[in-house]
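Q: Have a look at this one before I ask anything.
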Amino acid sequence: MQMAVIIVGGTFGGKWLDSFINIKFPVFTLIFSILSVFLAVYYAIKDIIKINK
């Protein structure tokens, strides 16, 4: 659930920033969505390591 919230938040944040700046190509949507996927995977791995200790 936490992964989905991070990814959706990053994607919608990038989409909002693209519309706010009025860019035709969705640069911030791509960047924020990719970064949010990496961040979500990082937190998932961190939680898995914490559980196994």
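Q: Name the residues in region 1-51 that are of a type in the set (D, E, K, R) and at pLDDT below 95, would you?
A: Step one: of region 1-51, the residues of a type in the set (D, E, K, R) are 15, 18, 24, 46-47, 50.
Listed by number, the residues that qualify are Lys24, Lys46, Asp47, Lys50.
Q: Then there's this: I'm told Val5 meets every condition in (1) surrounded by fewer than 11 Cβ atoms within 10 Å (Cβ to Cβ); (2) hydrophobic (A, V, I, L, M, F, W, C); (3) in a helix (DSSP H, G or I) except one. Can you identify the failing condition by its number?
A: Just one mismatch for Val5, condition (1).
Q: Find the residue count for region 9-46, including only residues that are assigned to a helix (DSSP H, G or I) and without any contact (Cβ under 8 Å) to a residue 24 or more places away in the chain.
A: Applying the first criterion (assigned to a helix (DSSP H, G or I)) to region 9-46 yields 9-21, 27-46.
Those left that are additionally without any contact (Cβ under 8 Å) to a residue 24 or more places away in the chain: 12-21, 27-32, 34, 38, 42, 45-46.
Adding up the residues that qualify gives 21.
The values are calculated or read from the model by the stated rules, or taken from the named source; none is laboratory data. Keep in mind it's a predicted model, so treat the numbers as computed, not measured. FYI the Cβ positions are ideal-geometry reconstructions off the backbone, even for glycines, and counts take in every protein chain you see.
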